[in-house]
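The values are calculated or read from the model by the stated rules, or taken from the named source; none is laboratory data. Predicted model, so just to flag it, every value in this text is computed and none were measured. Counting neighbours? That spans all protein chains shown, and the Cβs are built from the backbone with ideal geometry, glycine included.
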Ligand code: RB5
């Protein structure tokens, strides 16, 4: 189950990504915002981050104008590793190396087709489980204390 949310800067791209997930048969839960709303992105970053940390959703996708605000906010929640990606290489590497559990996208910086490819890449890739990457993620966990 993928948790997805956006602010007004990410709404149009979220619509395209949701349609894409539905085409792929990937289950998702839409945490808002709705059409025509002007909202504060930290509220939506928190909704998705909490759903992921609680295990209610496996991973998340957050979209704002640049993806930056969503990534900053989501990364404040312990256990979240949110990665802002604007290319497929980063989307793959952030799964392999960082075990990123939230993908952030910029609705005003990415075209829909590229964003869909980034989502596909992110969803297809898995954490490498390499000892050195596990050690680094443990070090990040220590920073949360
Ligand atoms: C909203 O105008 C915009 O600031 C927001 O979508 C996002 O880009 C923040 O990082």
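Determine, yes or no, whether residue 73 is within 15 Å of the chain's Cα centre (by Cα) and buried (at least 18 other Cβ atoms within 10 Å of the Cβ). In short, yes. Considering the range 25-47, and only residues there that are free of Cβ contacts under 8 Å to residues at least 60 places away in the same chain and away from the ligand (no atom under 16 Å from the Cβ), the residue that is surrounded by the most Cβ atoms within 10 Å (Cβ to Cβ) turns out to be 28. Exactly one residue among 11, 44 is modelled with pLDDT of 95 or more, within 14 Å of the chain's Cα centre (by Cα) and farther than 21 Å from residue 127 by Cβ, and that residue is 44.
Of the residues making up the range 69-94, those that are within 12 Å of the ligand (Cβ to nearest atom), over 16 Å from residue 114 (Cβ atoms), without any contact (Cβ under 8 Å) to a residue 40 or more places away in the chain and touching a strand residue (DSSP E or B) at 6+ places or on another chain (Cβ under 6 Å) are 71, 74.
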